[in-house]
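The values are calculated or read from the model by the stated rules, or taken from the named source; none is laboratory data. Just so it is clear, the structure is predicted and the values come from calculations on it, not from any experiment. When we count neighbours, we look across all protein chains shown, and the Cβ atoms used for this are built from the backbone with ideal geometry, even at glycine. Heavy atoms of the whole protein, side chains included, go into the accessibility calculation; ligands, DNA and RNA do not. Shrake-Rupley method; radii C 1.70, N 1.55, O 1.52, S 1.80 Å.
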Amino acid sequence: MKYILEILATLAFILMWIPPARRLGLIDVPNHRKPHSGEIPLVGGLGILSAWVMSLLTLQLITPEVGYLLGAVGLMLTVIVLDDIYQLSARFRLMVQIAVAMIMVFKGHLIINSLGNIFGLGVVHLGVAAIPFTLFSIVGVINAVNMLDGLDGLAGGMSLIAVMFFGYSAQRAGLGQDAEILFLLAAALVGFQAVNLRTPWRAKAKVFMGDAGSMSIGLILAWYAVRLSSPAHRAIEPVGALWVLALPVIDTVAVMSRRILKGRNPFSADQEHLHHIILRAGISVQNTVFLMLGLCIIVGIVGMQGTRLGLPSVVLAAIYVILLMLHMWATQRAWILMKFLRWLIRIPQHDKLHDKVAQES
């Protein structure tokens, strides 16, 4: 019952945030990169996090550590909402991401001290590189979730899948409070999906998550990926946590690598992500989202079951790197991938279904 109430609370908060968002200009306006129709309120993240925090307070789930998490999320949410309104510089956004990552490291005491036995030569301890590596990883996950926020229902659905995997891992490990916190967030994400995901009876999203929402959710995913894979709470192996977040991480690494090789800013916006290529093959927005979410589920299961069945970390890490290399090879030859996808689903070459794409910021 509490999860149903969480879904309803999220919908109520989203509706509550829409009028002030329109007054403040917290809306997504169509342009050459985002050809959606109409001005869409960027209040999905506000609705999700408002309902989630209210539930944590009501159920008395806020410990000192959770308090630090909420403080970091609050800082991220506030500053990036201002960015959504006033378009602050990319450098300032990066500084905020580093600041919240430092809260996680120095206040939450969540540090990646080792990478496990990913090379088959024994556990890799990071030593003095642990804190810099952790900060880099947190900022990376935040941006990975944000960069995947390109189609109606994609970022919300991917986040929902990852949260459920982490919640299930916490529950199996006897970390009841962590599991409860994560399942409440999952319910809030379901509420958001109800107004963001395209359906046969709704052709476009009612609201978008916004950068504030996607980055805040990315921070929460990074927090629990490190916490649940740490020796003190070991609910999932480090390489397993990496597999849960495989699709956004691999896609972001591939896209940013291509931008750097082309001499461009790695944080610059473009339409070279995997979901853009799938769309250009002629697959509809809705089916592209379902395909991407299906891939998220598959790679998450591979990571979770692989570690549970005792598959060596070096094997899982090697497969992960192979997937990254395949992704980079295929997306650098997008025309081959599009041709294969058209053949697979029998779409004619002249199909222009992909020309109209609704995107989130």
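Stick to Cα atoms and the Kirkwood definition of Rh, then tell me Rg/Rh for region 156-284.
1.02
Which Cα, out of LEU49, TRP223, PHE92, lies furthest along the positive dipole direction of the chain (beta carbon charges, K/R +1, D/E -1)?
Going by the charge dipole, the pick is PHE92.
Measuring with a 1.4 Å probe in the full set of protein chains, what accessible area per residue, in whole Å², belongs to region 202-256?
23 Å²
Figure the gain on full extension for LEU326 and ALA12 (residue separation times 0.36 nm, minus the Cα-Cα span) and round it to one decimal in nm.
My answer for the length gained is 108.8 nm.
With mean projected area of the Cα convex hull in nm² defined as stated, name the option among (i) 28.0; (ii) 21.2; (iii) 18.1 computed from the structure displayed.
Label (iii) holds the value from this structure.
Determine the share of the chain's accessible area contributed by carbon and sulfur atoms, expressed in whole percent, with a 1.4 angstrom probe.
The computed percentage sits at 69.
Please find the FRET efficiency linking ARG234 to GLU39, where r is the Cβ-Cβ separation and R0 is fixed at 51 Å, and quote it to the nearest 0.05.
0.65
Looking at the chain as a GNM with Cα springs under 10 Å, which of LEU293, LEU126, LEU274 has the largest mean-square fluctuation?
Its mean-square fluctuation being the largest, the pick is LEU126.
Before anything else, pin down the relative contact order of the chain: Cα pairs under 8 Å, at least 6 apart, normalised by residue count, whole percent.
Normalised by residue count, the contact order of the chain is 23 percent.
Using a Gaussian network for the chain with springs between C-alpha atoms less than 10 Å apart, which of these wobbles most: LEU291, LEU261, LEU110?
So, out of LEU291, LEU261, LEU110, the one fluctuating most is LEU261.
Can you tell me the length gained on complete extension of the stretch VAL253 to GLN305, counting 0.36 nm per residue apart and subtracting the Cα distance?
16.3 nm
Taking only DSSP H segments of four or more residues, each worth -39500 (n - 2.57), what value at 222 nm results for the chain once the sum is divided by all its residues, to the nearest 500 deg cm²/dmol?
Rounded to the nearest 500, the figure is -22500 deg cm²/dmol.
On a full-extension model of 0.36 nm per residue, what is the gain between LEU291 and ALA99, subtracting their alpha-carbon distance, rounded to one decimal in nm? Before the final figure, lay out the partial values.
On the way: separation 192, 0.36 × 192 = 69.12 nm, distance 3.47 nm.
That works out to 65.7 nm of additional length.
Pop the C-beta distance of GLN177 and LEU261 into the FRET formula with R0 = 51 Å and round what comes out to the nearest 0.05.
According to the calculation, E is roughly 0.70.
Among ASP84, ASP211, ASP149, whose mean-square fluctuation peaks in a Gaussian network model of the chain (Cα, cutoff 10 Å)?
Maximum fluctuation in the GNM of the chain, among the listed residues, is at ASP84.
For region 101-184, report the accessible area per residue in Å² (1.4 Å probe, heavy atoms, rounded to an integer).
39 Å²
Report the longest stretch of the chain that contains none of the chymotrypsin sites (Phe, Trp or Tyr not before Pro) sitting in a DSSP loop with at most 16 other Cβ atoms within 10 Å.
Here the longest run is 1-118.
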